[in-house]
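Single-structure report; data block below.
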Amino acid sequence: MSAPAKTETRVVSDGFLKRYLSGPGQFAIAIGACFAFALVAFLLTPGSPENAVPKTVEYTYDAKGFARAAPFATFVPEELPDGWHATTSRVTGLDGKGDGRTWHLGFATPAGAHAALVQSDESPDGPDGFVRRMTNVLQSAPGQAAGQRTVNGAEWSEYHQRDKKQNSLVLRLPGSTVVVTGTASYDELAVLAGSLKEQPVGGEK
């Protein structure tokens, strides 16, 4: 039976390891590994929310329910141009609780801003009035609007809240108030206001 082969143990000095690991070649390998890791992380990370297409919600059910319950004419956006995405829809006050019946419909606009349609039969004026809350303007009396804008023959009042960079268009109607508001420009808000179609009181007949 032959004797087992002898294994040779080599002692590597600390100086050798230092030279081997700190040489130009190893530095280049380390940099390459960092770049490879960063590339993999970039490819696996979801796209930025700013560049993502907003999720569109269906608001037909809320629109019909609001029209059936409201004792006043309601308005629904129709045939908005491409690039408008409904992102939120909620109806409150149909159970008789609260200050009034309200529908809030939010949009992401083609310019990447936010716009919302809000209609309610709450009291529009006063310290806690509907117009003041929706526009965030401290003084929201009829004569204190920033200007007027005609949209499809209707006179809307313009409001601007500088701190929040918020623009608003307000239409006062018998029995309700319609507010189109958000960070969108007045021109984009006018597009939303111009798309509103009046619904019959009590909904579809």
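Residues in the stretch 84-98 that are surrounded by 15 or more Cβ atoms within 10 Å (Cβ to Cβ) and either of a type outside the set (Val, Ile, Thr) or outside any strand (DSSP E or B) (or both): Trp84, His85, Ala86, Ser89, Gly93, Leu94. When the residues of the stretch 110-129 are filtered to those that are part of a loop (DSSP other than H, G, I, E, B) and either within 19 Å of the chain's Cα centre (by Cα) or not assigned by TED's automatic domain parsing to the domain that holds Thr88 (or both), the one that is nearest to Asp99 (Cα to Cα) is Ala113.
Quick check, is Val179 at pLDDT 95 or above and either part of a strand (DSSP E or B) or not assigned by TED's automatic domain parsing to the domain that holds Phe72 (or both)? Can you show your working first?
On the way: at pLDDT 95 or above: yes; either part of a strand (DSSP E or B) or not assigned by TED's automatic domain parsing to the domain that holds Phe72 (or both): yes.
It is true that Val179 is at pLDDT 95 or above and either part of a strand (DSSP E or B) or not assigned by TED's automatic domain parsing to the domain that holds Phe72 (or both).
Residues that are under 14 Å from Leu196 (Cβ atoms) and free of Cβ contacts under 8 Å to residues at least 40 places away in the same chain occur at least once in the stretch 80-98.
The values are calculated or read from the model by the stated rules, or taken from the named source; none is laboratory data. Keep in mind it's a predicted model, so treat the numbers as computed, not measured. Because the Cβ atoms are built from the backbone with ideal geometry, glycine has one as well, and the counts that use them run over all protein chains shown.
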